[in-house]
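J.: To start, I am sharing the structure in question, which I have written as structure tokens.
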Amino acid sequence: MTEPLLVVDNLKVYYYTLTGIVKAVDGVSFSVPGSELAAVVGESGSGKTTLGYSILGLIPPPGRRVSGRILIDNVDITSLHGEALRRARGELVSMVFQNPFTTLDPVRRVGDQVVEVMTEHGVPKDEAWRRAEEIFTKLGLPPRLLKAYPHQLSGGQRQRVAIAAAVALNPKLVVADEPTTALDVIVQEQIMELLDSLRRQGMTIMLITHDIALAATWATKVIVMYAGTLVEYGSVEEVVGEPLHPYTRGLINATPSVDRKDRPKSIPGLPPDLRRPPPGCRFHPRCPYAMDKCRKEPPTLIEASPGHYVSCHLYTEGRR
Amino acid sequence: MALEAGRLVSRAVARFTSLFGQKRGRYMFIAGLAIVFTVVFMAVAAPLLTPYDPTMPSGPSLAPPSLAHPMGTNRLGQDMWARIVYGARIAVFVVFTATTLSMLVGVPLGLLSAYHGGVVDRVLSMIVDAIYAFPSLILAIALAVALGPSPVNAAIAIAVVYVPTFFRMVRGEALRIKRMEFIEVAKAAGLPESRIMLRHILPNLIYTVLVVYSLAAVDAVLTEAALSFLGLSVQPGTPDWGYDLYYGKDFVLSGYWWLIFFPGLMITLFALGFALIGEGLSEMFRKQV
């Protein structure tokens, strides 16, 4: 197996709010090899977006990384500060956001916005423009659109521009936070194809999504998060094909599908308040298989089969 | 007081122009621009618009409006039209100097305060709020007294008074823009803070600054007139609308209405011009955004 490109090691990110400490990410560890499209799947409030922001060192206040390390291509991004951190953003890791209607500066030409990412990282202006044209062509945008303002572009085009800016410096890792949620299904398909082609060219993509169907179609690895913890991690075939954790199964059963006749079954109950997460396994109040142990002891992440990790007491003693 | 007056004027303007319906923003803007340009033109081309020297007698004392003196003459026999035209120079100078100065101080401070937050923000906000807590006209009078009467000092006094308006509007707007996603994107792309502030936040503030500039100018017109009315701006005898208003007020009861009617009209028109520009702009931007 190749050297992992992204290593997240016991990451804890808490938000210190006036009404209590929100444990948005609470002890998450995993590693992703290079050239993978790893999907982080979970409900709203599962901590998946916070995880994404943490990878860029962009945790919004009052949030703070309490512990843990994040290595990208063997660089510990949590140890970087100031200028070094600024440089790492864009060159080592970059981000594509959810809503392309708000992620581009409305008063500046899109070309300027792509070019400035490069010039602010030391690329000479002429070369930056030449490269911007190249990237636009590569991402299926006519280079004349470099002169356009965001409001002159469609949603799909804007998201392509956002991706162009994100990949301008050829970073090792691109975190894409719900990049297709604001777009219609056809455009969604095109954007995912684009991300997939970037992956095939060697970039690693971390896709944050609530849509397990999207993950099943495009991801190579799937990370399932619940209430700030990682509950299952493995290749897409394993996690979607043979889900182990009851929550993953619940998610899959809750996904509507065009050719499925029965109604999707939702998971009963609501995700817990992360200021006061339930003791033991955080999923136990909603889990159909909850045992005594689940209420008392938090499960540890175990390797159920090679490369397939799950955090559930059902599997800790080797029983299925 | 001047601020309230300005607000009343702009509200009246907004109500009046609602008659234009859909395109009223643009009509207001164009009308305001026309008024302001006319006044600026009067100031620049004053010698071409009147044959008389505004400080020298050019006819009989207190002559009513006639062909030779379209706005009449004052007690010293000075032509009122000449005084109005030359008076525009002081008004234009003081209003633009004061408002521009105010903008040049208020906008960077507001931006800095919003972007940095923390102690910088708290200290700046505290100082600015202290200024803002004063009634603006009283503060302008106090400053003008302290600095000594002259148009430059009047401009400085007015500038100080309207720094808080720019500061607060820019700070509030910058805070809003700072929370917008494209700023997060810029950070994620590793752009330095100075660039985010100057190339992403500032350009997005231009609409706000333009609107605040015109509305502050409305108040500046009125405050300038008030200061010279009180003898805190120009030397006595200098053509100035506020001063002429002061000088003419004693003759009104005797029926010499033209001594205050025309200076008063000009002050109102000039203020109205800026109010129309400001309201028109904000209407147009609201529609666009």
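Any read-out appearing in this document is the output of simple, stated calculations on the displayed coordinates, not a laboratory observation. If you're wondering where the values come from, they're calculated on a predicted model, not measured in any experiment. Virtual Cβ from ideal backbone geometry, glycine too; neighbours counted across all protein chains shown.
J.: Check region A:126-147 and report whether any residue there is free of Cβ contacts under 8 Å to residues at least 24 places away in the same chain, away from chain B (no Cβ under 14 Å) and not in a helix (DSSP H, G or I).
T.: Yes, because at least one residue in region A:126-147 is free of Cβ contacts under 8 Å to residues at least 24 places away in the same chain, away from chain B (no Cβ under 14 Å) and not in a helix (DSSP H, G or I).
J.: Search region A:50-97 for residues being within 11 Å of chain B (Cβ to nearest Cβ) and among the acidic types (D, E), and hand back the single one that is surrounded by the fewest Cβ atoms within 10 Å (Cβ to Cβ).
T.: A:E83
J.: Something else about it: Can you name the condition, by its number, that B:L104 falls short on among (1) under 30 Å from B:I201 (Cβ atoms); (2) in contact with a helix residue (DSSP H, G or I) (Cβ under 6 Å, 6 or more places away or on another chain)?
T.: Going through (1) under 30 Å from B:I201 (Cβ atoms); (2) in contact with a helix residue (DSSP H, G or I) (Cβ under 6 Å, 6 or more places away or on another chain) one by one, B:L104 breaks only (2).
J.: Can you say whether A:V123 is of a type in the set (A, V, I, L, M), assigned to a helix (DSSP H, G or I) and buried (at least 16 other Cβ atoms within 10 Å of the Cβ), as far as the supplied structure shows?
T.: no
J.: Name every residue in region A:159-215 that is free of Cβ contacts under 8 Å to residues at least 60 places away in the same chain and within 14 Å of the chain's Cα centre (by Cα), in order of residue number.
T.: Matches in region A:159-215: A:T180, A:M192.
J.: Here is a further query. Considering each of B:V252, B:V221, B:V209, B:V170 in turn, give the residue that is within 16 Å of the chain's Cα centre (by Cα), farther than 21 Å from B:I141 by Cβ and either more than 12 Å from every other protein chain (Cβ to nearest Cβ) or in contact (Cβ under 8 Å) with a residue 12 or more places away in the chain (or both).
T.: Exactly one of B:V252, B:V221, B:V209, B:V170 is within 16 Å of the chain's Cα centre (by Cα), farther than 21 Å from B:I141 by Cβ and either more than 12 Å from every other protein chain (Cβ to nearest Cβ) or in contact (Cβ under 8 Å) with a residue 12 or more places away in the chain (or both), namely B:V209.
J.: Could you tell me whether region B:178-196 includes any residue that is within 14 Å of chain A (Cβ to nearest Cβ) and under 20 Å from B:V105 (Cβ atoms)?
T.: Checked against the condition, which is being within 14 Å of chain A (Cβ to nearest Cβ) and under 20 Å from B:V105 (Cβ atoms), region B:178-196 yields at least one hit.
J.: Now, a different point. Of all residues in region A:102-119, which are facing chain B (nearest Cβ under 9 Å) and either in contact (Cβ under 8 Å) with a residue 24 or more places away in the chain or buried (at least 22 other Cβ atoms within 10 Å of the Cβ) (or both)?
T.: A:T103, A:L104, A:D105, A:P106, A:V107, A:R108, A:Q113, A:E116, A:V117
J.: Something else: Condition first: at the interface with another protein chain (Cβ under 9 Å from one of its Cβ atoms), part of a loop (DSSP other than H, G, I, E, B) and under 30 Å from A:E237 (Cβ atoms). Can you find one or more residues in region A:28-48 that meet it?
T.: To start, the set of residues in region A:28-48 that are at the interface with another protein chain (Cβ under 9 Å from one of its Cβ atoms) comprises none.
No, region A:28-48 contains no residue that is at the interface with another protein chain (Cβ under 9 Å from one of its Cβ atoms), part of a loop (DSSP other than H, G, I, E, B) and under 30 Å from A:E237 (Cβ atoms).
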